Amino acid sequence: MVTASAPGKVYLFGEHAVVYGEPAVPCAIGLRASVTAEERSAGMRIQASDLSLDGFTVEYDGEGRDHPDIDVPDTLVQAAMGYVDEAVTQVREAADAPEASFEITIESEIPLGAGLGSSAAVAAAAIEAGTRELGVEITPTEIAERAYRVENTVQDGQASRADTFCSTMGGAVRVEGDDCHSIESPDLPFVIGYDGGAGDTGALVAGVRERRKEYEFAADTIEAIGDVVRRGEQALTANDTEEIGNLMDFNHGLLSALGVSSRTLDSMVWAARNAGCLGAKLTGAGGGGCIVALDPTPETLTALEYTHGCEEAFRAELDTDGVRVESE
Ligand code: MEV
């Protein structure tokens, strides 16, 4: 039995545009998903809790599948199951064990579909735990590649490497197409607001694709996000948190124009701005979930705690640890 964990992340800049080859800078944060894999003789069994779901157990074998008996939107459950299924496919391939079956237990501090990279963290941790359980050790680069394939399959061929590379490597990373590497980042005073909801990443990514097809200025908006990211990288190098905040505000406006913000995300962003934060934006696919703000003072956290629609507000720190084995 092997347990591995991987961190969630916030996007400082660049979500959605990164799917079209623009650069993005996600940062791993200290909320982790843990996956335990135990080989079993036949049939898969998956248990999950704390995924902002009530928890579910599914046992299945081959084609037949039981549907988990819980009261949450089907799309979310299917997405969660899809990530686990695809991760197991990657484990079987990496270990050259096409018949391997597991009992998989997921415990996560990262809310599902909320823009904090829960699926990437589950995919990376599941691949690490599953391969080790089969006695195979693969490199972080291979874990990141295989976790990317998981996301790409579940998102219908429309995923970037940003979430999975960040979750595997930890720290701050820069991703532009296939070019992924770790970068230096100052410790940023992240404050996160969570509306208790979730967005369907596949549907949101598809929505941006439709907009881009319909309006040429949506393609310009995506390129403008790339420009924001490039300026943001200069600000990061200069440790200019004020400018990083300004650019986060800009990035949020461009994401709104692409149709991926929501009323609660916007009200949390404005509550943070009114409280005097350096900058605030939605993080991840959008549609609901989380915003990230920068504020070294307690003001934003307090304001978010009193904002209608914000269910939870907390501080987060950059986590330099990527995927890691917890026990074996
Ligand atoms: C989702 O966390 C981030 C997106 O940019 C999709 C992706 O990069 O695959 C919206």
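The values are calculated or read from the model by the stated rules, or taken from the named source; none is laboratory data. Bear in mind the structure is a predicted one, so any value in this text is a computation, not a measurement. Virtual Cβ from ideal backbone geometry, glycine too; neighbours counted across all protein chains shown. The accessibility values were calculated without ligands, DNA or RNA, using every heavy atom of the protein model including side chains. Shrake-Rupley method; radii C 1.70, N 1.55, O 1.52, S 1.80 Å.
Just the protein heavy atoms count here, and of the accessible area of the chain at 1.4 Å, carbon and sulfur take up 44 percent. The phi-based Karplus calculation (6.51 cos²θ - 1.76 cosθ + 1.60; θ = phi - 60°) puts the 3J(HN,Hα) values of region 18-31 at 5, 5, 9, x, 7, x, 9, 10, x, 10, 5, 10, x, 10 Hz, whole numbers, x for Gly and Pro.
Below 8 Å, C-alpha to C-alpha, sequence gap of six or more: please give me the relative contact order for the chain in percent. It would help to have the intermediate numbers written out before the result.
On the way: 809 pairs, mean separation 84.5, N = 328.
Rounded, it is 26 percent for the chain.
What FRET efficiency, computed as 1/(1 + (r/R0)^6) with R0 = 41 Å and r the Cβ-Cβ distance, is obtained for Glu328 and Ala219, rounded to the nearest 0.05? Using R0 = 41 Å, I get an efficiency of 0.30.
How far is helix 216-237 tilted off the main Cα axis of the chain, in degrees rounded to 10, range 0 to 90? For helix 216-237, the angle is close to 90 degrees.
Order Tyr194, Tyr215, Tyr20 by their accessible area, 1.4 angstrom probe, all chains in place, largest first. Don't skip to the answer; put the middle values down first.
Working: Tyr194 15, Tyr215 90, Tyr20 55 Å².
The residues order as Tyr215, Tyr20, Tyr194, largest area first.
Our summary gives region 190-316 a relative contact order of 40 percent, counting only alpha carbon pairs under 8 angstrom and 6 or more residues apart. For the modelled label position 7 Å from the Cα of Thr89 along Cα-to-Cβ, which residues of region 120-147 have backbone nitrogen atoms closer than 20 Å? Residues passing the 20 Å test: 120-132, 142-147.
Using the 1.4 Å probe convention, the accessible area of the chain works out to 41 Å² per residue with neighbouring protein chains retained.
Go ahead and run the numbers for FRET between Asn274 and Asp321, Cβ-Cβ distance against an R0 of 22 Å, rounding to 0.05. Mind showing how you got there, number by number?
Working: r = 34 Å, r/R0 = 1.57.
Approximately 0.05, to the nearest 0.05.
With the cut-off at under 19 Å, measuring from each backbone N in region 287-328 to a point 7 Å along the Cα-to-Cβ line of Asp187 picks out 293-301, 314-322. Return the calculated 222 nm mean residue ellipticity for the chain, to the nearest 500 deg cm²/dmol, obtained by summing -39500 (n - 2.57) across DSSP H runs with n ≥ 4 and dividing by the residue count. One gets -13000 deg cm²/dmol as the mean residue ellipticity at 222 nm.
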